[in-house]
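Asker: First, the structure itself, so that you have it in front of you.
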Amino acid sequence: MRLILLGPPGAGKGTQSQIIAEKCGIPQLSTGDMLRAAVKAGSPVGLKAKEIMAAGGLVPDEVVVGIIAERISEPDCVRGFILDGFPRTLPQAAALDALLKSKSLKMDCVIELKVDDAILASRIETRARETLAAGGTVRADDNAEALKTRLMAYYRETAPLTGYYFAHGLLKTVDGMAPIGEVTGQIDDVLGLVQAG
Ligand code: AMP
């Protein structure tokens with residue numbers, strides 16, 4: 001099963017991806033996590049991405065496409081994977097299609113988590129507070145200023161992907177405003193239909 005989770009920052013993509021990954025026994029591939037690891041390691045990719053990420057902008061397409069191309073070629077992706085935070089632009093989506101085609105593979109489903117803008121800021125604030133309470137380090141981009149930029153990038157660059165995947169017959173939308181367990185239930189229903197079909 002190869003899935004994409006789409007949605008604005010704070011929609012719950014990471015949370016739901018982890019749950020699906022565990023249930024289906026396939027890896028969650030978060031470009032955000034991979035980039036944060038690269039920043040921490042001080043690798044060339046990390047050096048390129050650090051400032052852009054902290055400000056809430058998008059890392060260049062060729063960088064993230066390169067990361068994903070390598071990652072989906074690893075053995076644990078043979079049975080499928082969940083893309084969390086990729087693709088984020090139309091050129092990334094086109095590159096992913098080409099990548100999969102070159103391996104004679106295809107996407108099974110794209111799940112959009114729909115949420116009201118108004119709650120995103122408070123969700124991000126809660127995430128930052130919970131991270132601090134757990135003794136962790138708050139993400140450099142989990143603040144009001146970077147969130148504004150991330151939301152703008154989402155609406156300008158990423159939101160058009162819903163039209164792209166709708167046109168490809170892959171888009172399913174779930175209500176991301178519901179409690180975590182209910183959202184998981186809606187995703188289960190969608191995946192049940194995809195598997196049956
Ligand atoms: P996330 O953890 O998905 O919220 O991603 C955190 C940050 O990493 C984003 O705000 C971007 O700066 C960068 N990033 C993650 N995935 C991508 C992507 N597919 N394209 C461009 N930038 C990305």
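The values are calculated or read from the model by the stated rules, or taken from the named source; none is laboratory data. In this text, all values refer to a predicted model and were calculated from it rather than measured experimentally. FYI the Cβ positions are ideal-geometry reconstructions off the backbone, even for glycines, and counts take in every protein chain you see.
Asker: Check 21, 118, 55 and return the single one that is over 24 Å from residue 152 (Cβ atoms), hydrophobic (A, V, I, L, M, F, W, C) and surrounded by fewer than 20 Cβ atoms within 10 Å (Cβ to Cβ).
Answerer: 21
Asker: Let me ask something additional. Please list, ordered by first then second residue, the pairs with beta carbon atoms under 9 Å, 6 or more apart or interchain, first in segment 78-104 and more than 15 Å from residue 29 (Cα to Cα) and without any contact (Cβ under 8 Å) to a residue 12 or more places away in the chain, second within 16 Å of the ligand (Cβ to nearest atom) and part of a helix (DSSP H, G or I).
Answerer: Between residues of segment 78-104 that are more than 15 Å from residue 29 (Cα to Cα) and without any contact (Cβ under 8 Å) to a residue 12 or more places away in the chain and residues that are within 16 Å of the ligand (Cβ to nearest atom) and part of a helix (DSSP H, G or I), the close pairs are 94/164.
Asker: Additional query: Hey, does segment 61-83 have a residue that's within 7 Å of the ligand (Cβ to nearest atom), assigned to a loop (DSSP other than H, G, I, E, B), under 30 Å from residue 178 (Cα atoms) and not β-branched (Val, Ile, Thr)?
Answerer: no
Asker: Next question. With within 16 Å of the chain's Cα centre (by Cα), within 19 Å of residue 7 (Cα to Cα) and among the hydroxyl-bearing types (Ser, Thr, Tyr) as the only criterion, which of 126, 149, 89 stands out?
Answerer: Answer to the selection: 89.
Asker: For residue 181, all conditions in the list (1) at pLDDT 95 or above; (2) surrounded by 13 or more Cβ atoms within 10 Å (Cβ to Cβ) hold save one; what is the number of the exception?
Answerer: The single condition residue 181 does not satisfy is (2).
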